Every structure is written in structure tokens, then in C-alpha cells.
Amino acid sequence: MSQADQLGAADLPADLPAARATSPLWTFGLLRSELSVTFRRWRTLALLGVLVAVPILIGVAVKIETSDGSTVGGGGEGGGPAFIAQITNNGLFLVFTALAATLPFFLPMAVGVIAGDAIAGEANSGTLRYLLVAPAGRTRLLLVKYATTMAFCLVATLMVAASALLVGALLFPLGELTTISGTRISLADGMLRALLIALVVAASLIGVAALGLFVSTLTGSGIAAMATTVGLLITVQILDQIPQLHAVQPYFFSHYWLSFADLMREPVYWDELVKNLGLQGLYAAVFGSAAWARFGAKDITA
């Protein structure tokens with residue numbers, strides 16, 4: 001599916017030395033091939049297109065709503081994603097709003113699709129066994145798949161931020177902005193914080209990526225793996241909203257996702273940010289190890 005189109009028989013002669021097959025350059029070639037194929041698929045491009053469209057829709061909606069002099073959000077509850085009321089004052093707030101709007105569902109759903117299809121998609125198309133004969137090696141192939149998924153996390157998040165920044169600059173003024181703490185910071189400082197927020201959002205998805213990769217090793221159907229991963233994502237977020245489960249909610253991978261807003265405080269509040277990154281690292285370690293154990297012992301028949 002992914003590598004079969006890139007690595008032909010001519011590229012892998014029967015007498016390929018073991019040293020060459022396990023060399024860092026061969027690993028880099030495998031990663032480069034996987035990245036190329038993943039980001040050229042129509043499915044991936046469609047997912048990125050939807051993500052890029054979200055900031056555009058938010059910006060246009062805010063512009064239309066405020067064209068008659070009304071305000072967005074109304075200052076009360078239920079007024080929309082965080083920061084939305086500030087967009088008309090400074091277009092940079094559209095970056096924060098777009099990330100807050102896409103993080104709970106759109107971004108993790110897209111990551112779940114890519115991660116869920118990583119191994120199961122290869123098995124479903126009959127190329128997984130070919131990859132292991134190549135030889136890619138199970139551990140190396142799993143690491144390459146995870147690295148590709150993480151690259152998608154970063155690219156998708158940065159594209160949302162870039163789209164929001166462009167639309168915000170076109171539709172609204174840019175300049176100094178007011179932090180959540182009420183202090184004023186320069187535009188350059190605000191853009192730096194926007195970049196840091198985008199990186200934190202991307203890092204917040206490593207737990208979902210590891211979970212999706214583990215699910216992908218459990219089945220030979222890419223669609224089933226993607227559906228299961230997205231279903232688990234939705235279930236966890238529903239459970240995170242039930243007050244009776246407050247004792248276990250801090251252990252859900254989505255619980256601290258919106259802590260990136262603390263980067264817009266002066267001084268920055270690091271407590272929940274550190275908890276979020278630590279929790280994501282824990283999920284990546286647990287489900288990454290589970291995926292490695294499962295894939296290493298799996299009987300590959302396709």
C-alpha cells in the first residue's frame with residue numbers, strides 16, 4: 001500500500017547485504033518513502049483540506065457577524081471557542097481560536113485515521129508481508145509508521161495555524177494583543193506564543209497516535225482500525241465531561257488538551273501544560289510498547 005509503490009524488486013536484490021539493510025541510510029530511505037506516500041494520498045490531502053478550511057469558516061463567520069457592529073461571544077457562556085470574542089480586535093486570536101476549535105475533534109480524528117491505517121492498511125492491501133521481507137524489520141517498520149504519524153500531527157497543526165494567521169491578517173487588524181492576564185505583549189511575542197501553542201497542540205496528539213498505532217496492530221482491516229480509534233477518541237471525550245468521573249478524568253489523554261491557553265498568560269502557567277505533556281508521554285510509552293509487543297508476535301499472513 002505505502003511502500004510497495006515505492007520499493008520495487010529492482011531496489012531490493014536477493015543478495016542485499018544485511019549490513020546495508022539495517023543501515024541508518026536504509027532506514028532514512030524507508031522513512032522518506034513512507035512520508036512521501038502518506039502525504040500524497042488523496043485521503044491525507046482531504047483531511048488537511050478540511051483542517052485548513054476550519055479557520056477560514058470561523059474567520060468569515062466572525063467577519064459577517066460583526067459587520068453590523070455586533071460582538072461575538074457576548075461575554076457569556078456558550079459563546080464559542082476560547083478567544084473568539086477577541087478576533088475582531090486582533091486577527092492573531094484566530095490562530096488560538098482555530099486550534100481550540102479543531103483540537104477536541106478534528107485534529108485527533110485526522111490523526112486517528114492516519115495511525116489506525118498505518119499497519120492494518122498494509123495488511124489489508126497485502127503489502128505488509130512484502131515490507132517485512134524487504135527487509136524492513138518489525139521494530140523499525142513500527143517506528144517509521146509512528147514517526148510518519150507524528151509528522152502528520154505536526155504538519156496538520158501548523159497548517160491550521162498558518163491558515164488561521166493568513167485569514168486573520170486579511171480580515172482583521174494585527175498588532176499588540178492583550179493576554180488572559182490583562183497584560184499587553186507585542187505582535188512578535190504574540191506570534192512566538194502562537195508557534196509554541198501550535199507545537200504544544202501537536203505534542204498533545206502523540207497519545208492518540210500511539211493508541212491508533214496499537215489498534216492498527218490488532219486487526220487486518222484499515223477501516224476497522226480507523227473506526228475503532230475514532231470511536232475510542234469520542235468515548236473518552238464523552239467520559240471526560242461526566243462530573244461523576246472526576247476522580248479518573250485527569251488520566252484521560254484529552255483532559256489537559258486545552259491547557260495550551262496557559263501560554264497566553266503573563267507569567268505563563270506551566271502546571272497543567274507539564275501534566276498534559278507528561279500524560280501524552282505516558283500514553284505514548286504504554287501504547288507504543290503494547291503495539292511493539294503485539295506486532296512483534298503477530299503472525300503476518302498478508
Inset, instruction - Determine the pairs where a residue that is within 12 Å of residue 119 (Cβ to Cβ) and touching a residue at least 24 places away in the same chain (Cβ under 8 Å), located within the range 217-236, has a partner that is part of a loop (DSSP other than H, G, I, E, B) and among the small types (Gly, Ala, Ser) with Cβ atoms under 8 Å apart, the partner being 6 or more residues away or on another chain. - result: 220/302
Inset, instruction - Tell me which residues, restricted to the range 157-177, are open to solvent by 10 Å² or more (accessible area, probe 1.4 Å) and under 30 Å from residue 40 (Cα atoms). - result: 158, 159, 161, 162, 163, 165, 166, 167, 169, 170
Inset, instruction - Pairs only if they're at least six apart or on different chains, beta carbon under 9 angstrom, first in the range 140-168 and farther than 15 Å from residue 284 by Cα and in a helix (DSSP H, G or I), second open to solvent by 50 Å² or more (accessible area, probe 1.4 Å) and among the polar types (S, T, N, Q); list them, first residue then second. - result: 140/22
Legend entry - Positions within the range 236-258 being open to solvent by 30 Å² or more (accessible area, probe 1.4 Å), part of a helix (DSSP H, G or I) and of a type in the set (Val, Ile, Thr), in sequence order: 238
Inset, instruction - Considering every residue within the range 219-233, establish whether at least one is within 15 Å of residue 108 (Cβ to Cβ) and exposed (fewer than 15 other Cβ atoms within 10 Å of the Cβ). - result: yes
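Please go through the range 203-212 and pick out each residue that is in a helix (DSSP H, G or I) and open to solvent by less than 10 Å² (accessible area, probe 1.4 Å).
207, 208, 209, 210, 212
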Inset, instruction - Looking for whichever is modelled with pLDDT of 95 or more and either closer than 30 Å to residue 192 by Cα or open to solvent by less than 40 Å² (accessible area, probe 1.4 Å) (or both) here; the options are 142, 154. Which one fits? - result: 154
Inset, instruction - Give me a count of the residues in the range 93-112 that are surrounded by 24 or more Cβ atoms within 10 Å (Cβ to Cβ) and not hydroxyl-bearing (Ser, Thr, Tyr). - result: 11
Inset, instruction - State which residue pairs qualify: first residue open to solvent by 70 Å² or more (accessible area, probe 1.4 Å) and inside the range 35-50, second residue in a helix (DSSP H, G or I) in any location, beta carbons under 9 Å apart, and separation of 6 or more residues or different chains. - result: 43/113; 43/114; 43/117; 45/39; 50/106; 50/110
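In the range 178-199, which residues are under 30 Å from residue 121 (Cβ atoms) and either crowded, with 23+ Cβ neighbours inside 10 Å or in contact with a strand residue (DSSP E or B) (Cβ under 7 Å, 6 or more places away or on another chain) (or both)? Spell out how you get there, then give the answer.
The first filter runs over the range 178-199 and keeps only residues under 30 Å from residue 121 (Cβ atoms), leaving 198-199.
Scanning the range 178-199 gives a single hit, 198.
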Legend entry - Single match in 263, 233 (criterion: assigned to a helix (DSSP H, G or I), farther than 21 Å from residue 44 by Cβ, in contact with a helix residue (DSSP H, G or I) (Cβ under 6 Å, 6 or more places away or on another chain) and modelled with pLDDT under 95): 263
Inset, instruction - Evaluate the range 268-283: report whether one residue or more is at pLDDT 90 or above, crowded, with 19+ Cβ neighbours inside 10 Å and under 18 Å from residue 195 (Cβ atoms). - result: yes
Inset, instruction - From 273, 245, grab the single residue that is of a type outside the set (D, E, K, R) and either in contact (Cβ under 8 Å) with a residue 24 or more places away in the chain or at positive phi (or both). - result: 273
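The values are calculated or read from the model by the stated rules, or taken from the named source; none is laboratory data. What you see is a predicted model, and the numbers here were worked out from it, not measured in a lab. Note: ideal-geometry Cβ built from the backbone for every residue, glycine included; neighbour counts use all protein chains shown. The accessibility values were calculated without ligands, DNA or RNA, using every heavy atom of the protein model including side chains. Shrake-Rupley method; radii C 1.70, N 1.55, O 1.52, S 1.80 Å.
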